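Worksheet: the structure to be examined is printed underneath.
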Amino acid sequence: LADNQQRYETIVKTLQQHQHKLTPQRLAIVRILAASVGHPTADAVYSQLKKDFPTMSLATVYRNIQLIKSLGEVLELGFADGSNRYDGNKPYPHPHLVCTLCAKITDPDLESLEKMKAELASETGYEVLTHRLDFFGICPDCQAETRGD
Ligand code: ZN
Ligand code: MN
């Protein structure tokens, strides 16, 4: 994982470079996206902030996430059910592991990814620009719960 504080400062700097105001609400959203613990939904970001910013709306959170996304500083993981998740800690394409029981999303470190990209390129002749790689399964916590430990 990238350092949360470093990611926070990078996103703030990018916002400044594009002349976007650094309101306390916006900075609070950036703080959560920089850590992106568990890959939050916009709703989850909103829930974490509404105590400190009672007048802030979910639409404001959503707009800010889209703004930060448009600057390339947050990765959006789209899902068919519309519950999109966000990763501002690692804004570049990387594989994800999704638990189908608790919806937790983690970042596996896959050494074989570079090899896979090279193999794809040589097999197909494509110039591979990006990727989306999601694995679905049952996380260790949920496995333990199912077993009843
Ligand atoms: Zn789980
Ligand atoms: Mn991720």
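Read-outs: derived from the displayed coordinates by stated rules, not from any lab. No experiment lies behind these values; they were computed from the predicted model shown. Here the Cβ positions follow ideal geometry from the backbone for every residue, glycine too, while neighbour counts run over all protein chains shown.
The range 1-45 and the range 79-149 have their alpha-carbon centroids 22 Å apart. Kindly provide log₁₀ I(q)/I(0) values, in the same order as q = 0.16, 0.22 Å⁻¹, from the Debye equation applied to equal alpha-carbon scatterers of the range 1-126. Taken in order of the listed q values, log10 I(q)/I(0) reads -0.82, -1.30.
Ignoring aspartates and glutamates fewer than eight residues from Lys69 along the same chain, the ones with Cα atoms less than 14 angstrom from its Cα are Asp87. In plain terms, the chain from Thr23 to Glu76 could stretch by 16.8 nm, reckoned as 0.36 nm per residue minus the Cα-Cα distance.
Each peptide in 108-119, 80-91, 39-50 was scored by the mean count of other Cβ atoms within 10 Å over its residues; highest first, the order is 39-50, 80-91, 108-119.
By the rule of a C-alpha distance below 17 Å, with chain neighbours fewer than 8 residues away ignored, the lysines paired with Lys104 are Lys90.
What the Cα atoms of the range 51-102 give is an Rg and a Dmax of 13.0, 36 Å.
Can you work out D for the range 110-149 in µm² s⁻¹ from Stokes-Einstein, where Rh is the Kirkwood radius over C-alpha pairs, the temperature is 25 °C and the viscosity is 0.890 mPa s? Each step should come with its number before you reach the end.
Details: Rh = 12.9 Å.
Translational diffusion coefficient: 190 µm²/s.
Scattering from the range 56-149 was approximated by placing one identical point on each alpha carbon and applying the Debye formula without solvent; log10 I(q)/I(0) at 0.12, 0.19, 0.24 1/Å stands at -0.54, -1.04, -1.23.
Count the net charge of all other residues whose Cβ sits under 10 Å from the Cβ of Glu73, scoring Lys and Arg as +1 and Asp and Glu as -1. Could you put the intermediate results ahead of the total?
Numbers: positive: Arg7, Lys13, Lys69; negative: none.
Taking every other residue near Glu73 into account, the sum is +3.
FRET efficiency for the Ser112 to Tyr62 pair, using the beta carbon distance and R₀ = 30 Å, is estimated at 0.25.
Taking all Cα pairs closer than 8 Å and separated by 6 or more residues, the relative contact order of the chain comes to 21 percent. Of the peptides 95-103, 17-25, the order by per-residue mean of other Cβ atoms within 10 Å, starting with the highest, comes out as 95-103, 17-25.
If you count, for each residue, the other Cβ atoms within 10 Å and average over each peptide, how do 51-63, 4-16, 126-138 line up from highest to lowest? Each step should come with its number before you reach the end.
Numbers: 51-63: 13.2, 4-16: 16.2, 126-138: 10.1.
Descending packing order for the listed peptides: 4-16, 51-63, 126-138.
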